[in-house]
Amino acid sequence: LGDLGTFLNLVMAFCLGAAFPDRVADFAAGKVQGSVLTEEVSPQWSVLPSCILEDVIEVLEIVTSIQPQGKGPSELFLHLDAQLLLLMVTFMLGNGNHVKNPNLRGKAATLLKNLTSNSNYRHLVENSPVLANDIIPGCIRVFTAVEKTKQSFYDIRMQLKYQLRIPIMELFERMLPLEAHKKALKSFATENPDEFLKFLNNLMNDATMQLEEGMDTLIEIRRLMKEGKQAELQRPAASSVAEDEQTGEGADLYARSRADPKAHCKQYMQMGHRTISTLWSISREAPTVIISKLNVLQQMLHNC
């Protein structure tokens with residue numbers, strides 16, 4: 001793991017150096033200033049294969065997923081340069097013009113959320129001026145970007161964008177109580193009102209769809225119970241579904257889509273509650289931007 005950590009550090013430094021060749025010495029010395037959110041990067045960045053960032057995120061995803069619960073972060077993270085990793089992830093979040101894969105950026109947000117559970121990484125997130133200035137704008141941009149992701153093939157009732165947005169909303173929940181991050185939100189909303197209002201519109205649309213799905217499922221559950229069809233509330237056995245909906249081993253290919261309707265209802269109601277909570281916590285920090293567009297204010301009041 002030590003060798004893997006050293007290799008990943010080299011890859012991250014190489015990628016950031018390709019994007020900002022005039023700041024290579026700062027990255028190496030750990031004395032980065034300014035911002036990693038930028039409209040323009042060097043020509044060197046444009047020739048890098050996208051699979052480099054994809055491989056880094058995939059390796060860290062795998063290492064995180066196989067780590068037993070309750071045993072803390074993987075040893076690999078002890079060998080990684082925490083500042084380099086956080087800067088690279090933040091760069092991916094906030095630079096959609098240079099990292100174009102919204103699914104990859106959504107995974108980077110999930111990684112960042114997991115990193116903030118580690119005290120060393122959390123200290124940097126809370127105290128680094130660069131990260132304090134860039135993380136909230138990056139989260140807003142990637143939240144909007146994942147609108148372009150497709151539905152999960154294996155769970156046709158669960159939109160993939162919701163799975164990617166939940167960790168982003170958890171990041172907002174952790175960051176907004178911090179004054180530096182709150183200041184960054186206000187600055188972003190003021191300087192980029194169109195982006196900010198589009199983000200709020202996505203939050204409102206998500207909340208509406210999630211709560212409607214939850215309520216529709218609840219109505220269906222009550223109908224089935226009233227008609228004495230409780231058996232339809234259970235997931236069917238794999239052997240009872242059509243052959244073309246089974247895997248080669250005979251398992252139900254769409255098992256996640258046939259989950260217990262009660263669990264489905266609860267899941268969507270919880271997501272709707274979290275989305276409304278995020279909408280409230282964001283809106284109260286930038287009310288003047290919201291009231292500057294009458295149609296946005298009317299829509300928010302209508303949805304509430």
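Observations on the model:
- Check on Glu54, at negative phi, charged (D, E, K, R) and part of a helix (DSSP H, G or I): yes
- In the range 90-111, the residues that are under 12 Å from Glu40 (Cα atoms) form Cβ pairs under 7 Å with partners that are among the polar types (S, T, N, Q) and open to solvent by 20 Å² or more (accessible area, probe 1.4 Å), at six or more places apart or across chains, as follows: Asn95/Thr38.
- Near pairs, Cβ below 9 angstrom, 6+ apart or cross-chain, from the range 259-284 (free of Cβ contacts under 8 Å to residues at least 60 places away in the same chain and open to solvent by less than 20 Å² (accessible area, probe 1.4 Å)) to any residue that is among the β-branched types (Val, Ile, Thr) and part of a helix (DSSP H, G or I): Cys265/Thr217; Cys265/Ile221; Tyr268/Thr217
- Members of the range 214-250 that are under 30 Å from Phe172 (Cβ atoms) and at pLDDT 85 or above: Gly214, Met215, Asp216, Leu218
- Taken over the range 62-109, residues that are in contact with a Ser or Thr (Cβ under 9 Å, 6 or more places away or on another chain), within 20 Å of Leu160 (Cβ to Cβ) and open to solvent by 20 Å² or more (accessible area, probe 1.4 Å) amount to 6.
- Only a single criterion out of (1) open to solvent by less than 20 Å² (accessible area, probe 1.4 Å); (2) at pLDDT 90 or above; (3) outside any loop (DSSP other than H, G, I, E, B) is not satisfied by Ala13, namely (1).
- The condition (being at pLDDT 80 or above, in a helix (DSSP H, G or I) and among the small types (Gly, Ala, Ser)) is satisfied by just one residue among Ser277, Ser257: Ser277.
- For the range 122-181, a residue qualifies if it is at pLDDT below 90 and of a type in the set (Lys, Arg), and the qualifying residues are Lys148, Lys150, Arg157, Lys161.
- In the range 207-219, the residues that are within 20 Å of Gln163 (Cβ to Cβ) reach residues that are among the polar types (S, T, N, Q) and buried (at least 16 other Cβ atoms within 10 Å of the Cβ) with C-beta atoms within less than 7 angstrom, at least six apart or across chains, in these pairs: Ala207/Thr275; Gln210/Thr275.
- Val36 vs. criteria in contact (Cβ under 8 Å) with a residue 40 or more places away in the chain, assigned to a loop (DSSP other than H, G, I, E, B) and of a type in the set (A, V, I, L, M): yes
- For Val125, the test of being assigned to a helix (DSSP H, G or I) and open to solvent by less than 20 Å² (accessible area, probe 1.4 Å) is passed.
- Residue that is of a type in the set (Ser, Thr, Tyr) and within 22 Å of the chain's Cα centre (by Cα), where the choices are Ser46, Ser65: Ser65
- If the condition is being outside any helix (DSSP H, G or I), more than 18 Å from Cys139 (Cα to Cα) and touching a Leu at 6+ places or on another chain (Cβ under 9 Å), then the range 68-96 contributes Pro73, Ser74, Glu75, Leu80, Asp81.
- The residue that is most open to solvent (accessible area, probe 1.4 Å), counting only those in the range 1-10 that are touching a residue at least 60 places away in the same chain (Cβ under 8 Å) and of a type outside the set (Ser, Thr, Tyr), is Leu1.
The values are calculated or read from the model by the stated rules, or taken from the named source; none is laboratory data. Bear in mind that the values here come from a model prediction, so they are computed numbers and not experimental data. Every residue, glycine among them, receives a Cβ derived from its backbone with ideal geometry; neighbour counts consider all protein chains shown. Side chains are part of the model used for accessible areas, which takes the heavy atoms of the whole protein and leaves out ligands, DNA and RNA. Shrake-Rupley method; radii C 1.70, N 1.55, O 1.52, S 1.80 Å.
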